[in-house]
1. State the extension gain, in nm to one decimal, for the chain segment bounded by residue B:203 and residue B:136, taking 0.36 nm per residue of separation less the distance between their alpha-carbons.
2. What do you get for the angle between helix A:211-227 and the principal long axis of chain A? Use alpha-carbon atoms, 0 to 90 degrees, nearest ten.
3. Take peptide B:137-147, look around each residue's Cβ out to 10 angstrom, count Cβ atoms belonging to other protein chains, and average those counts.
4. Looking at the range A:50-281 only, what percent of DSSP beta bridges run antiparallel? Nearest 5 please.
5. Measuring from label point to label point, each 7 Å out along Cα→Cβ, what is the residue A:187 to residue B:217 span in nm?
6. Pairwise over distinct Cα atoms, reciprocal of the mean inverse distance: report the Kirkwood radius of the range B:9-213 in Å, one decimal place.
7. If you take each beta carbon of peptide A:111-121 and count the beta carbons of other chains within 10 angstrom, what is the mean?
8. Can you compute the modelled spin-label distance between residue B:355 and residue B:74, with each label point 7 Å from Cα toward Cβ, in nm?
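Each value in this text was obtained by applying a stated rule to the coordinates, not by laboratory testing. Computed from a predicted model, the values in this text were never measured in an experiment. When we count neighbours, we look across all protein chains shown, and the Cβ atoms used for this are built from the backbone with ideal geometry, even at glycine.
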């Protein structure tokens with residue numbers, strides 16, 4: 001069982017950082033914790049370098065707390081703001097190149113199936129809107145066409161935030177950003193629909209306005225991916241740095257975007273996925 | 001995943017390479033790839049078509065259908081394939097793929113990434129010319145572009161070389177003190193599409209499996225401590241420690257390639273191969289240009305002219321000391337190449353002491369063949 005990998009070799013207890021000792025004594029591995037338990041255990045992410053009020057930071061905190069079995073989860077990230085906070089995540093995680101996360105995740109998931117036929121190893125691909133919607137879209141969609149069994153999560157801040165706030169395909173039409181000096185000329189990419197049509201059995205567009213709802217969606221995406229095939233979630237992550245709002249306003253912005261329809265919440269699922277969800281959530285309060 | 005299983009037994013690499021009785025088969029270079037992979041205990045292979053590589057990966061696909069390879073699929077493009085290969089390798093399995101020419105360049109970003117990630121991927125490259133104008137014909141220009149990726153680079157002359165180098169590449173790549181990707185280059189069409197006699201080991205034996213726990217970098221399987229572990233963390237903060245970390249990591253990648261020398265010597269019998277090493281004039285080359293040089297040497301011998309050959313098998317690491325030693329007191333070093341840039345002549349000139357005697361000629365490219373007459377003319381200019 002992989003839970004043993006957090007243990008500290010005898011003799012090294014003194015020199016290990018407190019953060020790591022906390023993970024050993026009070027981490028979430030194998031305990032089935034969720035959002036409800038936040039604040040009672042040592043979280044998987046800490047001291048990340050993301051900006052104050054960053055939507056990615058909160059999303060990642062919630063995603064990591066929602067994973068159904070962190071002790072057997074490997075994350076494939078990619079270049080962008082989201083990647084800046086992976087070194088601080090207490091899971092095995094990969095950074096390869098910009099936009100290739102779904103191809104890397106394909107190879108990784110298949111390799112782990114060969115090596116561990118009797119253990120479920122969850123692979124989750126997490127990237128920004130640039131990585132998933134633009135530069136890596138071909139590799140993303142082909143992982144869906146092939147029916148690869150892992151979840152893809154887009155942290156959508158509607159821009160290339162790490163390079164200074166340029167327009168991305170996920171930016172809203174009309175948004176004035178770097179490289180779109182007169183406003184973006186075309187619609188936000190319909191990624192949830194693209195995912196659905198490309199073979200994702202579960203595809204969701206959501207914000208982090210309601211953490212427990214997000215937890216339910218993350219758990220569904222990971223559990224469905226194990227059995228049925230690819231799943232996709234995009235989470236609206238307001239960016240105070242590039243969209244020039246106060247850090248304290250991020251949550252409010254997410255709520256407003258949801259309410260106004262600027263960022264509609266959508267949940268698509270195949271009949272098989274729906275049936276599986278019923279079975280998984282039967283008798284459980286989610 | 002393939003459901004069929006094969007009844008191969010695992011043997012020591014030395015047995016498979018050197019001791020097992022070899023059978024002679026009249027096969028193409030692409031078929032030699034298949035025979036190598038059949039005995040290589042490969043877990044996963046990922047393919048994408050490009051001439052002249054495609055047939056080799058069709059045949060590897062057949063091996064998957066027969067149960068010799070556990071997983072196989074056709075990827076979406078070369079960048080996707082090389083990325084998936086990276087993911088599989090980080091997941092702890094032995095992987096193989098092949099590409100060439102435009103495919104190599106489409107995937108180029110992944111090669112330094114493989115090396116930096118210390119992935120023991122083995123990739124065959126079947127060279128062809130690059131755009132534009134579009135060509136599919138043999139040309140080794142892409143090797144010159146690959147030299148500084150951090151990968152170990154071998155260049156096969158024949159289908160026999162290709163078979164031996166691919167099999168041995170897995171073992172060299174996976175040595176804990178190396179653990180780097182290996183590119184096995186062969187000249188498209190000349191090697192892939194022609195038949196020759198190749199000596200191969202029995203088909204009922206294979207290499208031992210890859211042991212990812214011998215890797216100098218952690219496997220991404222949530223079984224390998226420590227748990228807070230990122231492959232591959234970027235060190236792009238603007239501070240001295242970040243620069244120093246990146247610099248020392250790059251040095252270590254190059255040092256690992258240097259440490260591969262002893263393994264290349266052991267398994268491939270050296271980084272070079274020589275013929276008439278004591279002659280005053282030498283051909284120094286790699287790939288099928290070496291075959292043309294051999295033919296020229298036979299012709300020249302008939303005229304009473306003694307000429308030697310140094311065939312370079314390993315381009316990275318480069319046989320610097322060997323070349324420097326052999327080139328000493330020679331009258332001329334003739335470097336024939338199948339490309340317009342003359343990257344090999346450049347490499348040799350950079351290490352030979354009096355490099356005015358290094359002649360970067362003849363060069364043919366764009367699919368042109370290299371008639372022996374061209375080589376004879378070049379030699380006669382320097383008698």
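1. On the way: separation 67, 0.36 × 67 = 24.12 nm, distance 3.29 nm.
Stretched out fully, the residue B:203 to residue B:136 stretch lengthens by 20.8 nm.
2. On a 0 to 90 degree scale, this one is about 70.
3. Details: counts 0, 0, 0, 0, 0, 0, 0, 0, 0, 0, 0.
Mean inter-chain Cβ contacts per residue within 10 Å come to 0.
4. Values: 6 of 31 bridges.
The answer is about 20 percent antiparallel.
5. Modelled inter-label distance: 4.2 nm.
6. Working: mean 1/r = 0.0605 Å⁻¹.
One over the average 1/r among Cα pairs gives 16.5 Å for the range B:9-213.
7. Numbers: counts 19, 10, 5, 10, 9, 5, 1, 0, 3, 0, 5.
The mean count of partner-chain Cβ atoms within 10 Å per residue comes to 6.
8. Placing both labels 7 Å along Cα→Cβ, they lie 4.5 nm apart.
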